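Undergrad: Dropping the structure in here first, questions after.
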Amino acid sequence: MSRRSGILEFAVLGLLRESPMHGYELRKRLNTSLGVFRAFSYGTLYPCLKTLVANGWLIEESGSTPEDALAAPLAGRRAKIVYRLTAEGKEHFEELLSQTGPDAYEDEHFAARFAFFGQTSRDVRMRVLEGRRSRLEERLEKMRASLARTRERLDDYTLELQRHGMESVEREVRWLNELIESERAGRDQQRSTPDGSAQQNSTSGESADLPRRRENDPPPDPSDDPAK
């Protein structure tokens, strides 16, 4: 399985865990909710769905309502196929959520993982956030070293592009620092509460209060990083 298809399967399973959907709804949610999938097509989605069905992680159902099932033959078209997560699919998705290998820190995979942090345990969130921060700090160090070596040979526009790329990475590192501190504060608060009533259990998908972003400081989108 390619890295790209693996990310797509993860996202599809995560969305269908929320509710059953047909292909058009899935594609719309992937495009609007998960920016990393802006450019993908039906030609990518449907083979993925067929694979998930073949693996027993999804089932296909005809029509989302009785009215849809009756209207389709009358209109001369097939009823929409609705995809529903199976118990095995839910178990597989929860297994994927618990994984924190190096792929989880890469640009596209991290964006997909972060989109489902609400369903991810606190300990796993922390490992992913810290791994992502470490990966970006390594990238930032290499960018600075490269800029120092080539600064004198770059024209003004190329130099400005390099600076912009570094600022994008620095901004995401600051954002990750805020998220990590919020997760730690939530964990400490939970531990200090005898009955745990102030916070959700650390194995739940509920997170601590996230840092408020300024109006002109949107969350970084890895796909917009010109330094990749």
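Undergrad: Roughly how many nanometres apart are two label points built 7 Å out from the Cα toward the Cβ at L96 and Y46?
TA: According to this spin-label approximation, the distance is 2.1 nm.
Undergrad: If L34, L154 are ordered by their accessible area, calculated over protein heavy atoms with a 1.4 Å probe, which sequence runs from highest to lowest? Could the numbers behind the result be given before it?
TA: Numbers: L34 10, L154 50 Å².
I get L154, L34, largest accessible area first.
Undergrad: Could you work out the local net charge near L176, counting Lys and Arg as +1, Asp and Glu as -1, over the other residues with Cβ closer than 9 Å to its Cβ?
TA: Result for the local shell: 0.
The values are calculated or read from the model by the stated rules, or taken from the named source; none is laboratory data. All values reported here derive from a predicted model rather than from experimental measurement. Every residue, glycine among them, receives a Cβ derived from its backbone with ideal geometry; neighbour counts consider all protein chains shown. Note: areas computed on protein heavy atoms with side chains; ligands, DNA, RNA excluded. Shrake-Rupley method; radii C 1.70, N 1.55, O 1.52, S 1.80 Å.
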